[in-house]
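This report concerns only the one structure given below.
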4 protein chains.
Amino acid sequence: MKITAMTAESNAGKKFADIYPHLLGATDVPTLVKNAEVDWDNIDAAFCCLPHATTQEIMKSIPKKVKVVDLSADFRLKDVDMYAKWYGGSHLAPELQKEAVYGLTELNRDAVKAGRLIANPGCYPTSVQLPLVPLLRKKMISHDRITIDAKSGTSGAGRSAKVNILFCEVSEGLNAYGVGSHRHMPEIEQGLSEAAGGQEVVVSFTPHLIPMNRGMMSTIYVDLTAGNTADDLRKELQEFYKNETFVTVMDKGGNPHTRYVRGSNYCFIGVFEDRIKGRAIILSVIDNLVKGASGQALQNMNLILGLPEDMGLQQQPMFP
Amino acid sequence: MKITAMTAESNAGKKFADIYPHLLGATDVPTLVKNAEVDWDNIDAAFCCLPHATTQEIMKSIPKKVKVVDLSADFRLKDVDMYAKWYGGSHLAPELQKEAVYGLTELNRDAVKAGRLIANPGCYPTSVQLPLVPLLRKKMISHDRITIDAKSGTSGAGRSAKVNILFCEVSEGLNAYGVGSHRHMPEIEQGLSEAAGGQEVVVSFTPHLIPMNRGMMSTIYVDLTAGNTADDLRKELQEFYKNETFVTVMDKGGNPHTRYVRGSNYCFIGVFEDRIKGRAIILSVIDNLVKGASGQALQNMNLILGLPEDMGLQQQPMFP
Amino acid sequence: MKITAMTAESNAGKKFADIYPHLLGATDVPTLVKNAEVDWDNIDAAFCCLPHATTQEIMKSIPKKVKVVDLSADFRLKDVDMYAKWYGGSHLAPELQKEAVYGLTELNRDAVKAGRLIANPGCYPTSVQLPLVPLLRKKMISHDRITIDAKSGTSGAGRSAKVNILFCEVSEGLNAYGVGSHRHMPEIEQGLSEAAGGQEVVVSFTPHLIPMNRGMMSTIYVDLTAGNTADDLRKELQEFYKNETFVTVMDKGGNPHTRYVRGSNYCFIGVFEDRIKGRAIILSVIDNLVKGASGQALQNMNLILGLPEDMGLQQQPMFP
Amino acid sequence: MKITAMTAESNAGKKFADIYPHLLGATDVPTLVKNAEVDWDNIDAAFCCLPHATTQEIMKSIPKKVKVVDLSADFRLKDVDMYAKWYGGSHLAPELQKEAVYGLTELNRDAVKAGRLIANPGCYPTSVQLPLVPLLRKKMISHDRITIDAKSGTSGAGRSAKVNILFCEVSEGLNAYGVGSHRHMPEIEQGLSEAAGGQEVVVSFTPHLIPMNRGMMSTIYVDLTAGNTADDLRKELQEFYKNETFVTVMDKGGNPHTRYVRGSNYCFIGVFEDRIKGRAIILSVIDNLVKGASGQALQNMNLILGLPEDMGLQQQPMFP
C-alpha cells in the first residue's frame, strides 16, 4: 500500500510528525490536507477514523469505488434506532448502514472479503465476541447471565484533553466507569444475539480504567449448558481457532496477561473452571489499539484488497 | 503508644531505617532485635506480622498478658482442617485458634474489644465482607452465585524478590492470578456463610494484579432476593454504616475509585443496578495496606487497649 | 486551625468533595463560596492558591489584618521588572511585593515569623536552595557554573486539561522541558545570588518530566572552592541542618530516593564526590506537593501564627 | 536469517515461550538446548547474550568460522587491565579481545563490516557517543568537564529477582545509582578519548532509575571550544548523520522525548544553548533495549552478513 493522502481539519497543512513526533523517522508520509482537498481518483481504499456523526457525513461524500474500513462506531449497529438511542441522534446515512459489513475478521471473514464498507469493531466487543460467539453458536454456554468484567488501558479514552485522563488522575489507581451505560454494550449484545440464533442477549458489562497505556482484558463469567465443562469450551475454541494466526487459545492452566499481546494483533484466550458449579471463567486479552482498533482495521483492509491477511501485522508483542 | 521493641531475625541489629530508608526521619524507633531478646515485662501489646506457620510458633511463646493483633492468616480460619487444606500443614496452635477473634472491626467490634488475640483480616476479605455481610444478614441478597472480580495493587504480593513482581513484569499490563485457588477464598466464605446464617456460601473469586502500588477494588455481582432493588441495598448499607468513621457508602451514582482511599483507613462502597434483571453490582475499594492490613490492625489495637478507635488513623487519603 | 471559608469561582456552591472526592470523609470542610462572599471579620489567616496576576488583584482586596501565605509565584521575585520579564505583564501590587517575605522556612525563619505576607517558594527553588544556600554563604562552592539537572513528577504541572500531561503522553517515557526558559530560574538565581553575597549567579537549569505523580529530585553539579571536598560540603550541611526536623543530610554514601519523602514535608540531601576533580554532586529530593508547596505553606503559617512549626506535618513518608 | 538453535542452561529443554509467554505466537522458534549441544556446522552467525566472564569462556568454544555479535560487556574495553579493574577479574580471552570490533554502527561501520567478533555497545555509551564523538573529532567541544546526567527505564537492570527492582520499589519514584562508579563509565571514556585524538577524557556520569519499562535519555552538558555555538553543534551533527536511517538530529527547538523512540532502533538528538555562556546542552534518547542492545546487535549482524542494514529494524516507534 502507498499512502496517497492523510486528512485533518484544524491540523491541515501540518506534517503528521508535528502531531505524532515519534513518526519523524517515517519519511514517506504526506502532509495533512483537508478532507475536501483529497483527489479520490487515484485512491483505492481509505481508513476512516472520525468522531461519530461526522463519520456519516464524510462517508456519504466518498466515491463508491473507494473501499473503506471505518474505525468509528457509526456503522457497527445494524438497527439505526439502536444507534439513535445510544448515540443521541438519528443516523444520517441509513442506506450506507445497510451496506456495511461488521469486521470482526475471524468471525465474518467471507463477508469482509466481499464488502466495500467495513465497520471495524470496538475494542471491548472484539475481546468479548472472539471467545463467546463460537460457544453461543454451538449452544455450549447459556445466552443468559453473561457477566463481563472488563479492564482497559487509558488509550481507550482517546487523546483529547480531559481532566479524568490526566496522568495524575489515572496513575496509581483504578475505577469502574460507565457502569450499565457503556456504548459498546449494544454492539456486544448485537453480536451475541446473532450468535445465539436470534435470542435477545442482555449482558452485564462493567468496564474499568487501568493505569497503563494499552491492553485490555475481559474476564467473562458464563453459565455452561447441560453436559458441558470448562475443558469442553477450551477444546471447542482451540478447534475453532486452530488455523488462525491472531487468536491463540491457551492450553489448560494457561493464563493470558495483557503483556503477552502488547503492540501485536493477537488475542489470547484462557478458559478456567469456576468454583460455582456449572459455570466457567473466560479470560480474553487484546491490545485495544491493535486487534481492538488499527490492527484489525489493517487485517480487514488486507482482505478487501485481496492482500495477505497478515501483511504489516507480523510484529511480535513488545515486552516489557 | 510507645514502641518498646521491634524484632527481626536476619536483620536483627539493624536500624529500621536501614531496611525502610523513608523512615530515617522517624527518630523514636528502636533498633531491631531478635524475637528471643524481647523483654516482655514492660510490653502490653504486640503487632505480629510473620509468615504463616512461623506465626503459630511465635504466638505460643508470647506471654498471655500481652494483647496481640496478628496480621498473618494463621488465626483467621476457625476450622483448623480448613487451615491445613489451604496452607499445606497442620495448625500448630489449635488452642490459640479457639481464642482468636476475627478482627473485621465494623462487623465484630464488641468481640474485638473483649479479645486478647485478634486475627486481622486479609485485604480481599475486608473489601468483600464490608458490603456483603450486612446484606446477607438481612437476606437482601442471595447467598448463591456471588461473583467477586477483584483487583489489587502490587504491594499485596509482599516485598520478597520474585521475578513475577519485578517492575518490568507488572508495569503496563494486567493479569488474573490464582483463578479458583486464592487463599483468601476460605476466609471470605467463612465470613459470608456465618452472615448467611450458617448456609454454606461458595463464591466465585478472581483476583487481578494491577500496575499500581496500592489500592484494591472488588467488583461484586449479586443476585437480589425477591422484592429488593439495588437502591434498597444501598439504603441498607448507608443505614448500617451511618455512624462509622471509616466506611462511606456513596449516594446513588457515586462511583468509588481506589484513589479516593489511598493511604487512608477508609472503605468506599458504591451500589449499582445491573442490566441483568434481579442483580446488583457492588463496588468496594480500600487501600490494601491500610484498611486491608496495618490500618485495621491499629484500629483493632486501639479497641483492645481502650483507646479512641481512630487514633493514628485520621490521615486523609493522599491524592495524587 | 479551623477552616472558616474556602473559595472558588466557577465551582462556587459545590462541596469540596465534589471536586476532590477523596475528601468525602473530611466532614468538617465548608462549602465553596466566591471570594467576594467571604466574611473576613472572623478570619485570622489565609492560604492563597491562585493563578499568577489574579493573585495580585485578590491580595489587594484582603484586609491587612489577615496574615497570608501565598502559594503563587506573584510575590517571590523582589524585582518587579524581573517579574514582568518572566511572567509577561507588569506587577499589579508592587507595594505588597515590598512587604512580602520569601518563605523558604529553614533559610529565612526569623523573617517569616515576623511577616504578614509570605511568598511560599516554588518546588524547584526549594529543592535547590536548601542544599546550595548554606554552601554559597560559606563560599565553599563557586557561584559560577552551577548546573542543575532536575526531575519532577507530573503533579508539578497542575490539574488543568492539557494534552501533554494526559496519562498516555506521560506514562512510559520522560522528557526535558522548558530548557533554558523555565520560570523557576529567576527565583533560583535570586536566592543563590543573595547567598553569594550579591554576586550575580547564572545557573544552568534543565527540568525533566518523570512518569510519576509526585516527587522531585535536583541533581546538582558544583565547583568546589579551593581547599574544599565533597566531604566538607556534607559536614557543613549536616551541621547547618542538625536541629531541623524536615531536612535530613544523609551520611557518606547515603543516596536519597524521592520515595523516601513521598507525602511528607522532608527534604533529603546526599553529597558525592564527582569524578571530575574539584567538583561535587549534590542530590536533593522533596515531595513537590508538600515541602515544595502545601507542606511548606503550612510550616510557614504555623510560624506566623505562633504555632508549633511541625503541627499537621508529622506524617511520615508513604511507601510504597 | 533462520534461527537454528537457541541455548540456555537451567532452562534447557523448555520452549522459549515458557520463559517469554508473549512469544507463544512465534511458532518458528526452536526449543532451548544447552550450549554444549549446539551443532555449529550449519550455523553462520550467533548472538551471544551471557553474563560477563561466562561470555569469555563460551566465546573461546565457538568455531572461528562463526561470526558473533556479543551483547555482554566482555569485549568492549580494549585495555584488559581496565576490564579487570571494573569487572573484578582477569580477562580470560585477551586474544579474542584484540580481534573484537566495537559495534557502535554509525561511528564504526567499515570496521564492523570487516569484523568477525563484534562487541555490541552498552546502552548508556550508545546514547552518549552518538552525539559526542563527531563533535570531539572536530574539536567543537572541549574534552574536559563533560557532564552526563543520564536516565534509564528499569529494563536496563535485567530480569533477575532483586528487591530493588520490584514494582513497588520503582514505581512512583526515582533515584540516582552507581554515582561515580557505574561500569559503563570506562566504555564511555574509551570512546570519547579516541574521538578526542587520544587525550584522556574523564567524564562526570550520573545514571538515574526511572519508573518506566524502557527508554533512556542522556542530558549532556558540554563546553564549547572557541568560536562555536550550540547552533554550530546541531548543524555539524545534522550534516554528519544526514544519510543515517537511525539517527535523527532534530531542528532547532526540537526536544527529544524517550517516547519518540520506544520500541525502535532510532536515536533522536536535540541541541540547546545553555544559559551558562560557552556551553551547550545535548539531549540524546534511545530505546535502551533496541538501539541500546538488541536492535543495534541486529544492525551489526546485518552488516557482517552483508544484508541490508535495516533488515528487521523498520518498525516505527510504538506510542503510547
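The values are calculated or read from the model by the stated rules, or taken from the named source; none is laboratory data. Predicted, not measured: the structure shown is a model, and the values here were computed from it. With ideal geometry, Cβ positions are generated from the backbone for all residues, glycine too; neighbour counts draw on all protein chains shown.
Okay, here's what the table says:
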| read-out | value |
| --- | --- |
| Only one of C:Gly191, C:Gly197, C:Gly156 that is part of a loop (DSSP other than H, G, I, E, B) and not β-branched (Val, Ile, Thr) | C:Gly197 |
| Residue identified as aliphatic (A, V, I, L, M), at negative phi and in contact (Cβ under 8 Å) with a residue 60 or more places away in the chain among D:Ala119, D:Ala195 | D:Ala195 |
| Search result, residues across the range C:186-207 that are facing another protein chain (nearest Cβ under 10 Å) and either within 17 Å of C:Tyr83 (Cβ to Cβ) or at pLDDT below 95 (or both) | C:Glu189 |
| Lone qualifier among A:Ala161, A:Ala150, A:Ala111 - being assigned to a helix (DSSP H, G or I), of a type in the set (A, V, I, L, M, F, W, C) and within 27 Å of A:Phe47 (Cβ to Cβ) | A:Ala111 |
| Output for the range A:66-82, where each listed residue is under 17 Å from A:Ser193 (Cβ atoms) and in contact with a Ser or Thr (Cβ under 8 Å, 6 or more places away or on another chain) | A:Val80 |
| Filter pass, B:Glu99 being acidic (Asp, Glu), within 28 Å of B:Asn265 (Cα to Cα) and without any contact (Cβ under 8 Å) to a residue 24 or more places away in the chain | yes |
| Residue that is nearest to A:Ala157 (Cα to Cα) [pool: residues in the range A:47-60 that are surrounded by fewer than 17 Cβ atoms within 10 Å (Cβ to Cβ) and free of Cβ contacts under 8 Å to residues at least 24 places away in the same chain] | A:Pro51 |
| Subset of the range B:200-215 [crowded, with 24+ Cβ neighbours inside 10 Å, of a type in the set (A, V, I, L, M, F, W, C) and in a loop (DSSP other than H, G, I, E, B)] | B:Ile210, B:Met212 |
| So B:Leu92, is it within 18 Å of the chain's Cα centre (by Cα), in a loop (DSSP other than H, G, I, E, B) and on the phi < 0 side of the Ramachandran plot | no |
| Tally of residues being in contact with a strand residue (DSSP E or B) (Cβ under 7 Å, 6 or more places away or on another chain) and among the β-branched types (Val, Ile, Thr) across the range D:158-205 | 5 |
| Meets criteria (among the β-branched types (Val, Ile, Thr) and touching a residue at least 24 places away in the same chain (Cβ under 8 Å)) for B:Val222 | yes |
| Yes/no for D:Thr27 being closer than 30 Å to A:Ile286 by Cβ, out of contact with any helix residue (DSSP H, G or I) (no Cβ under 7 Å at 6 or more places or on another chain) and of a type in the set (Ser, Thr, Tyr) | yes |
| Any hit, the range C:224-233, residues being under 22 Å from the mean Cα position of the chain (by Cα) and modelled with pLDDT of 95 or more | no |
| Unique match (being surrounded by fewer than 17 Cβ atoms within 10 Å (Cβ to Cβ) and closer than 23 Å to D:Pro317 by Cβ) among A:Asp39, A:Asp44, A:Asp79, A:Asp18 | A:Asp18 |
| Failed item in (1) without any contact (Cβ under 8 Å) to a residue 24 or more places away in the chain; (2) in a helix (DSSP H, G or I), with B:Gly253 passing the rest | (2) |
| Scan of the range B:11-36 for residues that are in a helix (DSSP H, G or I) and touching a residue at least 24 places away in the same chain (Cβ under 8 Å), ordered by number | B:Asn35 |
| Checking C:Ile276 against (1) surrounded by 24 or more Cβ atoms within 10 Å (Cβ to Cβ); (2) under 30 Å from C:Gly227 (Cα atoms), the condition it does not meet | (1) |
| Count of the range C:174-185 residues which are part of a helix (DSSP H, G or I) and facing chain D (nearest Cβ under 9 Å) | 1 |
| Within the range C:122-173, considering residues that are within 14 Å of another protein chain (Cβ to nearest Cβ) and of a type in the set (Lys, Arg), the one surrounded by the most Cβ atoms within 10 Å (Cβ to Cβ) | C:Lys151 |
| Filtered residues of the range A:240-292 (kept if within 9 Å of chain B (Cβ to nearest Cβ), under 21 Å from the mean Cα position of the chain (by Cα) and of a type outside the set (Val, Ile, Thr)) | A:Pro256, A:His257, A:Arg259, A:Tyr260, A:Arg262, A:Gly270, A:Leu283 |
| Given (1) farther than 21 Å from A:Pro256 by Cβ; (2) among the hydroxyl-bearing types (Ser, Thr, Tyr); (3) out of contact with any helix residue (DSSP H, G or I) (no Cβ under 7 Å at 6 or more places or on another chain), number of the condition B:Tyr124 does not satisfy | (3) |
| Criterion: outside the structural domain of A:Gly158 (by TED's automatic domain parsing) and modelled with pLDDT of 95 or more - qualifying residue of A:Val80, A:Val69 | A:Val69 |
